[in-house]
1. Could you list, in their original order, any pairs among A:LYS69/A:LYS131; A:LYS103/A:LYS131; A:LYS103/B:LYS381 whose Cα atoms are separated by more than 31 Å?
2. Can you list the DSSP H helices in chain B whose Cα atoms extend at least 27 Å along the helix axis and whose mean Kyte-Doolittle hydropathy is -0.5 or higher?
3. Only loop residues by DSSP count here, and only those with at most 11 other Cβ atoms within 10 Å; note down the trypsin sites (Lys or Arg not before Pro) in the range B:82-114 that meet that.
4. Along the Cα-to-C-beta direction of B:ALA199, a point sits 7 Å from the Cα; which residues of the range B:147-190 have their amide N less than 12 Å from that point?
5. Put a dot 7 Å past each Cα toward the Cβ at B:SER108 and A:ASP74; how far apart are the dots in nm?
6. Translational diffusion coefficient of the range B:197-237 at 4 °C, 1.567 mPa s, Stokes-Einstein with Kirkwood Rh over Cα pairs, in µm²/s as a whole number.
7. Once the Cα gyration tensor of the protein assembly as shown is found, what semi-axes does its equivalent ellipsoid get, as square roots of 5 times the eigenvalues, in whole Å, sorted largest first?
8. For the range B:165-275, just the Cα set please: Rg and Dmax, both in angstrom.
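What follows draws every value from the coordinates through simple rules; no lab data is involved. Predicted, not measured: the structure shown is a model, and the values here were computed from it. Here the Cβ positions follow ideal geometry from the backbone for every residue, glycine too, while neighbour counts run over all protein chains shown.
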Amino acid sequence: MNGKLGRILIVEDDPRDVELTLTALEDYKLANEVVVARDGKEALDYLYCRAQFQTRSSDNPAVMLLDLKLPKVDGLEVLKQIRSDEHLKMIPVVVLTSSHEEKDMMRSYQLGVNAYVVKPVDFHDFVNAVKELGVFWAIINEPPPGSMKK
Amino acid sequence: MAPWSLKSRPVSGRILGYGFSVACVAIALGLALVFQRYNFRDVELPLFDLAIALTAWYAGIGPSVLAVALSTVCANYFFVEPVYSFAISGRELPYFFLFIAWAVIVASFAAVRRRIEADLRQARDHLQLEVEQRKQREEEVRKLNRELAKRAVQLEVSNKELESFAYSVSHDLRAPLRHAVGYSELLQKQCASLVDEKAQRFIKTIVEAAKRMGNLIDDLLAFSRIGRAETKKTEVNLEQLAKEVVGEMGQETKGREIAWKIGALPVCYGDRSMLRLVMVNLVSNAMKFTRMRTRAEIEIGCADGSGDEVEVFVRDNGAGFDMEYANQLFGVFQRLHRAEEFEGTGIGLATVQRIIHRHGGKVRGEGAVDQGATFYFSVPKARETKVKAASAP
């Protein structure tokens, strides 16, 4: 741990899930370095510094929390594009989804996801899961070179 | 058309047949008279024979009898001494009878041939009919096949629909629940000091209800997955499996006195992970429903080793159930105990039944209130040689 905080990119279409996730991250003061993309296209825009993200610095996020069911471009497609891009393919990606389906899990791992987390129904479990993800990926884990740190 | 062909009947119809007969005899007579004119001797009778033979061949018995009669009369009148009379001289008589006998033999041979031909024709017709019937049946089979294929496609479609239904349940139904729980808990935290005990209890109830719904959805999804998953069948040593399950589950019951008894169980043929789920469900039920006993007794054994199936039972001395409601035991979300007494969603035995049915086996339960319960399931036996191989170290 070097005391620096990695940037977290949350790709989530449901505002309530966004709020609950941010609430969970706030408890660990991780919420400051969070970017929220509301669909797959926005996530790709962010990663490629396109559209409203044109002016951001081109560093990659330290981790990306990715929902699978998203409007426009779905999570698996986002994952596929990231993994086939030379500049983006090292970004750690954690799928954070409601889906228990083996199909989704298989597909995600085939596409090279770093972790697959099913959102727990229980709020405490959910908060704990998000917290632990945040702590691990934004603090404990050393992200690949070229990632954004503060 | 060849005259020998069974299909050809050049002279058919009654009148035509007799006409043919008369014509043949007339032509023979004409030819005979012509030959006589040019002094060829003794050709007339062979000519008449030819006419009779032709008639018999083509026109059948009736016309050939007529031909014999006409030929006899003509031969007698025109060629047998004394000529131009119907009288027969003694010298010509044997010769004349020989001619008639010959004619009759030819006619009868022809008749026999015709009968054979008729039989053959009948046989052919019969065969043709059979061929047609077979064609029809084949067509029916093909039609059924087509329908079956259509059904299979429909089934596949509805299976896909079911799958996407389960998928959307998994994705979309859980999210609102998570929000209900999450926001209720945030509310609880936010206004813990502001609301009274009653309101606190209400919020708690909302959270619990939503969590329960989450559990129900999870159970239902797992249950539907069992129906959709492919079974990978191998030989499964049930005794080993039972010991494994008991060993694992037993760790959860520290502080309780449970007398386990695992009898000799055979090797069966089935999907190991599914059968393991059966064992886990039955054993955990037995553990749950014996909770109030100071000394719980749980026995796993084999009830009937004969036949092609093995019947395994799990017996406990727990709460039991009323046999009157035994038919509800294996229903989805069916419970025979109150939730305050024994927790659970009521999916365990439904899962057991589904797995065993997928193995072609049967399930049943026996019990009495407060006297324990026994649950039986049957699965196909592994073959004898396989049993030996499997039990070898």
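1. Numbers: A:LYS69/A:LYS131 22 Å; A:LYS103/A:LYS131 26 Å; A:LYS103/B:LYS381 33 Å.
Those over the limit are A:LYS103/B:LYS381.
2. Values: long enough: B:14-37 (35 Å, 1.51); B:93-168 (110 Å, -0.39); B:197-228 (46 Å, -0.15).
Qualifying helices: B:14-37, B:93-168, B:197-228.
3. Qualifying residues, ordered by number: B:ARG91.
4. It comes to B:187-190, nothing else.
5. Each label point is offset 7 Å from its Cα along the Cβ direction, giving 9.2 nm.
6. 99 µm²/s
7. After diagonalising the Cα gyration tensor, the semi-axes are 99, 37, 20 Å.
8. So, for the range B:165-275, Rg and Dmax equal 21.6, 64 Å respectively.
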